[in-house]
1. Tell me yes or no: at least one residue of segment 88-96 is over 28 Å from Glu165 (Cβ atoms), out of contact with any helix residue (DSSP H, G or I) (no Cβ under 9 Å at 6 or more places or on another chain) and modelled with pLDDT of 95 or more.
2. Among the residues that make up segment 127-143, is at least one of them within 15 Å of the ligand (Cβ to nearest atom) and within 21 Å of Leu26 (Cα to Cα)?
3. Condition (residue is within 14 Å of the ligand (Cβ to nearest atom), under 17 Å from the mean Cα position of the chain (by Cα) and surrounded by 11 or more Cβ atoms within 10 Å (Cβ to Cβ)) applied to segment 79-92: is it met by at least one residue?
4. Against the definition (away from the ligand (no atom under 11 Å from the Cβ) and either among the basic types (Lys, Arg) or touching a helix residue (DSSP H, G or I) at 6+ places or on another chain (Cβ under 9 Å) (or both)), how does Gly54 come out, yes or no?
5. Take the conditions of a type in the set (Ser, Thr, Tyr) and touching a residue at least 60 places away in the same chain (Cβ under 8 Å) and apply them to Ser90. Does it pass?
6. State all residues of segment 191-212 that are in contact with a helix residue (DSSP H, G or I) (Cβ under 6 Å, 6 or more places away or on another chain) and either exposed (fewer than 15 other Cβ atoms within 10 Å of the Cβ) or among the acidic types (Asp, Glu) (or both); if no residue qualifies, say none.
7. Looking only at segment 49-61, count every residue that is under 15 Å from Thr6 (Cβ atoms) and open to solvent by less than 50 Å² (accessible area, probe 1.4 Å) and tell me the total.
8. Select from segment 130-161 the residues that are in contact (Cβ under 8 Å) with a residue 24 or more places away in the chain and closer than 12 Å to Gly111 by Cα and list them in ascending order.
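The values are calculated or read from the model by the stated rules, or taken from the named source; none is laboratory data. Computed from a predicted structure; not experimentally measured. For neighbour counting, all protein chains shown are included, and Cβ atoms are generated from backbone atoms with ideal geometry for every residue, glycine included. With ligands, DNA and RNA removed, areas are computed over all heavy atoms of the protein, side chains included. Shrake-Rupley method; radii C 1.70, N 1.55, O 1.52, S 1.80 Å.
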Amino acid sequence: MITLYTFASGFGQFSYSPFCTKAGWLLKLSNVPWQRQDTTDPRKMPLGKLPAIGLADGTIIPDSDNIRAYLEKTGHDFDAGLSPRDRAVSRAFIRMAEEHIYFHQMQDRWGDDANWAVIRQEYFGFLPALIRGMVTRKLRKDVLGMVHKMGLGRMTVEQRLARVEPDFVAIAAQLNERAFLFGDTPTAADASVGAILGGVMAAPVPTPLSRRVAQDAVLSAYVKRCAAAMD
Ligand SMILES: N[C@@H](CCC(=O)N[C@@H](CS)C(=O)NCC(=O)O)C(=O)O
């Protein structure tokens, strides 16, 4: 039995972490027996991040992309039926969601004071009150410093919305009135894009970014469809 090491569920999502949500969905799609084990400490994992999976022989495989590769190596093709060209487009959508849209969500959760107040309690409420303030201040500084170095953290909210808008337009165009990005059934791209958009929409305190997705009939219906398919 595979064990998925994941951050806990929250904000109506399989996990606070969209990458853990993605991994959970990939496991479900692959029909292998698995169980989840929630943890608050990614430092114990080989890459210091979650998700990771533990195999019966004790091997730990970190990173949602490696988890996908493992599940594919052991027999499941998430993109069965897709042409080489569609597989290439799928790869680009995954990168767009994970390496761009995700960081907008991060800036929303960690940068916006109202969201941070909720996040701090939800993510780190387990820490003893005596050290919680010190630890969370440092973590917040590190995360926001990283997004600042990327450039996103230097933008106004309006500039960030303008930067991510073409990504949302591309997702809606790719859906093209279909249920999922490549047709009637979910593929690997949906596990990434659906999880990341779901995370954006699930801001505990609505932001211009979360409203942008929630108020888009196509994108919000897609997020709900992905969540239902994962249940
Ligand atoms: N590329 C990784 C990204 C995983 C990731 O960024 N995980 C975050 C949560 S969303 C994490 O573990 N953060 C904790 C940390 O960096 O200390 C994947 O696809 O699994």
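1. No - not one qualifying residue is present in segment 88-96.
2. So far as segment 127-143 goes, no, none of its residues is within 15 Å of the ligand (Cβ to nearest atom) and within 21 Å of Leu26 (Cα to Cα).
3. Yes, the conditions are met somewhere in segment 79-92.
4. When the stated conditions are applied, Gly54 does not pass them.
5. Yes: the conditions hold for Ser90.
6. If the condition is that a residue be in contact with a helix residue (DSSP H, G or I) (Cβ under 6 Å, 6 or more places away or on another chain) and either exposed (fewer than 15 other Cβ atoms within 10 Å of the Cβ) or among the acidic types (Asp, Glu) (or both), then Pro208 is the only one that fits.
7. Qualifying residue count for the region: 6.
8. Scanning segment 130-161 gives Arg140, Val143, Leu144, Val147, Leu152, Gly153, Val157.
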